1. If I ask for residues that are modelled with pLDDT of 95 or more and more than 17 Å from Met157 (Cα to Cα), which ones from segment 18-49 would you list?
2. Are any residues in segment 161-199 aromatic (Phe, Trp, Tyr) and touching a Ser or Thr at 6+ places or on another chain (Cβ under 9 Å), and if so, which ones?
3. Can you name every residue in segment 140-165 that is free of Cβ contacts under 8 Å to residues at least 40 places away in the same chain, more than 23 Å from Leu30 (Cβ to Cβ) and in a loop (DSSP other than H, G, I, E, B)?
4. Ile123 - would you say it is closer than 25 Å to Ile34 by Cα and in contact with a Leu (Cβ under 8 Å, 6 or more places away or on another chain)?
5. Here is a check on your reading of the model: is Glu60 part of a helix (DSSP H, G or I), acidic (Asp, Glu) and either out of contact with any Phe, Trp or Tyr (no Cβ under 6 Å at 6 or more places or on another chain) or surrounded by 15 or more Cβ atoms within 10 Å (Cβ to Cβ) (or both)?
6. Identify, by number, the condition in (1) farther than 24 Å from Pro12 by Cα; (2) assigned to a helix (DSSP H, G or I) that Ile170 doesn't meet.
7. Report yes if Leu61 is at pLDDT 90 or above, farther than 28 Å from Ile192 by Cα and among the hydrophobic types (A, V, I, L, M, F, W, C), otherwise no.
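The values are calculated or read from the model by the stated rules, or taken from the named source; none is laboratory data. Everything numeric in this text was worked out from a predicted model, so none of it was measured. Quick reminder, even Gly has a Cβ in these numbers, built from the backbone with ideal geometry, and neighbours come from all protein chains shown.
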Amino acid sequence: MKTGILGGTFDPPHNGHLEIGRVVLEELCLDRVIFMVAGSPQLKRNPVITPAEQRMAMTELAVSDEEAFEASSLEVRRSGATYTAQTLAEIEKQGGGRDELYFIIGMDNLTSLHRWHKPGEIIKKSILVVVPRPEEAGPDIGQLENEIPGITRRLIMLNRPLITISASDIRRKASRGEDISCLVPQKVAEYIKQNHLYV
């Protein structure tokens, strides 16, 4: 099985996340895309994060109408630090080592990957699928290879989608009572309103 993994805090999950999943699913002919909800992300700049249970609930709602998408609480259930290398190892084990894993990341995460926990294990267990960001230059391939030897043989660089939606902007709009229905799935918008998130 060809499995994509799209990790994030999903605070909240938005239409940009879903579009990334759809494009990767189509371009790489994947069987499924797992939306991996982060438990305690180590490199997240925002120290104030919505409780994991609510982020998990929103992500489940966001993917509920997409047959090939699923939300995973694997990292949410794990106590302590959240490490991608460990998550990939667990998914690999669940599939009996038969799954082809594709780890989906943004360009910004690619350039900082050498600071992640065991980046060599990440590229050993998965192909990196890199999604572009608007107005962001491509990586220095030579530098990447120096920082993580072998990475250039484990990269797929996409040229779409270019997502301009920002979770932080959505939180700001919601805090001001502005309409966010065009930015998140309807079920997520309703959940945010009903649970008074970001106010």
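1. Leu18, Asp31, Arg32, Val33, Ile34, Phe35, Met36, Val37
2. Tyr198
3. Those that are free of Cβ contacts under 8 Å to residues at least 40 places away in the same chain, more than 23 Å from Leu30 (Cβ to Cβ) and in a loop (DSSP other than H, G, I, E, B): Asp140, Ile148, Pro149.
4. For Ile123, the condition - closer than 25 Å to Ile34 by Cα and in contact with a Leu (Cβ under 8 Å, 6 or more places away or on another chain) - is not met.
5. yes
6. (1)
7. No: the conditions fail for Leu61.
Conditions (1) in contact (Cβ under 8 Å) with a residue 12 or more places away in the chain; (2) surrounded by fewer than 16 Cβ atoms within 10 Å (Cβ to Cβ); (3) assigned to a loop (DSSP other than H, G, I, E, B), marked per residue:
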site	(1), (2), (3)
Glu75	yes, no, no
Glu90	yes, yes, no
Lys93	no, yes, no
Gly97	no, yes, yes
Phe103	yes, no, no
Gly120	yes, yes, no
Val129	yes, no, no
Arg133	yes, yes, yes
